[in-house]
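Okay, so here's the structure we're looking at.
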Amino acid sequence: WVLASLFNGSVFVYSLESKETLKEFKASELPVRAARFIARKHLIITGADDTNLSIYDYNTTKIIKQWKGHTDFIRSIAVHPNQPLVLSSADDFTIKLWDWDQEWANIQKFEGHTHYVMGIAFNIMDPNTFASVSLDTTLKVWGLGSPNPHFTLEGHEKGVNSVDYFVEGDSVYLISGSDDWSVKLWDHHNKICVSTLKGHKNNVSAACFLNESLPFIVSGGEDESVLFFDRNNLLLVKTMYLGLGRVWTIGHIIGSNSFVVGCDGGICVISI
């Protein structure tokens, strides 16, 4: 299944096998900028410009709970891989931690960014830590037990829109995409930028590492392109124009050689 949330407030669930829409529901009258499956609970969580976080049963699409999660547009949601926890980030400069075993109580608030918090991602090697990116041009790495960041990474010249983790051997890296038209690769342990990947001609909305069997870093941007960088030598090896307008998000399909690209004009599944 592929989950998509739209600027018109609708949410769709698509089947990759049948290429059909399985579910469709209206989550808000305003843009829904974030949506995630909580697979082990058979739920969907959404975050919208109406500042609401909403929980739906993904079999029936019935709404289970809705509340004011932030005081401004909600930008990103991340689900903890094994604990009953969800992170949300917003234009109110904050990140919040929610516990569904405590009736979705807000159990932690993280403050430190000085502009919109555009993206969040759990560390796949240590999910008690996570990274965030902001239009204040920084990346920050946090721990679930502290309201203050462990450290801040600086290097982008403009706002940062996306963040993703990947592991190479024993090393953990971060990938960020920015309005300075670049993708940066960061060494998590040494807290330094190890490479800047260029090729986009406008803001980079999304950048991620696919998986070990697909040795590419992939990015997409407002120049309507998807770029493929070789993971080993970090060279640009392919540029694709999908004809669907600006690229806003990229999602890897677990257990496959495919990934999904979300654009102004629709969704595209790319297989390698």
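Protein heavy-atom surface of segment 149-264, 1.4 angstrom probe: 47% of the accessible area is carbon and sulfur, with nucleic acids and ligands not counted.
Is there a quick way to get the dipole size of segment 120-207? I mean about its Cα centre, with the Cβ of Lys and Arg at +1 and of Asp and Glu at -1; what is the value in debye to the nearest 20? Working shown, then result.
Working: 6 positive and 10 negative charges, 37 e Å.
The dipole of segment 120-207 has a size of about 180 debye.
Charge tally for W67 (other residues, Cβ to Cβ under 14 Å; Lys, Arg +1; Asp, Glu -1): 0. Distances between placed amide hydrogens fall under 5 Å for G199 paired with no residue 5 or more residues away or on another chain. Look at [x] 1.31; [y] 1.05; [z] 0.94: the one that is Cα Rg over 2.2 N^0.38 Å derived from this structure is [z].
In the context of the full set of protein chains, residues of segment 52-102 present 40 Å² of accessible surface per residue (probe radius 1.4 Å, heavy atoms only). Label reach from T61 (point 7 Å along Cα→C-beta): in segment 1-17, amide nitrogens under 11 Å belong to 10-14. Sequentially through segment 104-111, phi angles give Karplus couplings (6.51, -1.76, 1.60; θ = phi - 60°) of 6, 5, 7, 9, 7, 10, 10, 10 Hz, Gly and Pro residues having no value and appearing as x. Given the pairs K96/K158; K198/K238; K41/K65; K140/K201, which span a C-alpha to C-alpha distance of over 18 angstrom in this model? Correct reply: K96/K158; K140/K201.
Remark: segment 83-94, residue by residue, has Karplus-estimated 3J(HN,Hα) of 9, x, 10, 9, 9, 9, 10, 8, 6, 7, 6, 10 Hz, where x stands for each Gly or Pro and the curve is 6.51 cos²θ - 1.76 cosθ + 1.60 at θ = phi - 60°.
Taken about its Cα centre, the chain carries a charge dipole of roughly 320 debye when the Cβ of each Lys and Arg holds +1 and the Cβ of each Asp and Glu holds -1. Three principal axis extents of segment 5-110 based on alpha-carbon atoms, in descending order, are 41, 29, 20 Å. Answer with one residue from V117, L87, T60: the one whose Cα lies farthest towards the positive end of the charge dipole of segment 57-125, charges on Cβ with Lys, Arg +1 and Asp, Glu -1. Checking the options against the dipole of segment 57-125, the answer is T60. Applying the criteria of a DSSP loop state and at most 16 other Cβ atoms within 10 Å to the trypsin sites (Lys or Arg not before Pro) of segment 4-87 yields K19, K62. For the charge dipole of the chain, defined by +1 on Lys and Arg C-beta atoms and -1 on Asp and Glu C-beta atoms about the Cα centroid, which residue among F7, S146, T196 has the Cα displaced farthest towards the positive pole? Result: F7.
Taking a temperature of 25 °C and a viscosity of 0.890 mPa s, what whole-number D in µm²/s does Stokes-Einstein yield for segment 133-272 with Rh from Kirkwood over alpha carbon pairs? Write out the running numbers ahead of the final one.
On the way: Rh = 15.2 Å.
The Stokes-Einstein estimate is 161 µm²/s.
The values are calculated or read from the model by the stated rules, or taken from the named source; none is laboratory data. Note that this is a predicted model, so its numbers are computed, not measured. Note that each Cβ is placed from the backbone with ideal geometry, even for glycine, and that neighbours are counted across all protein chains shown. For accessibility, only protein heavy atoms count, side chains too; no ligands or nucleic acids. Shrake-Rupley method; radii C 1.70, N 1.55, O 1.52, S 1.80 Å.
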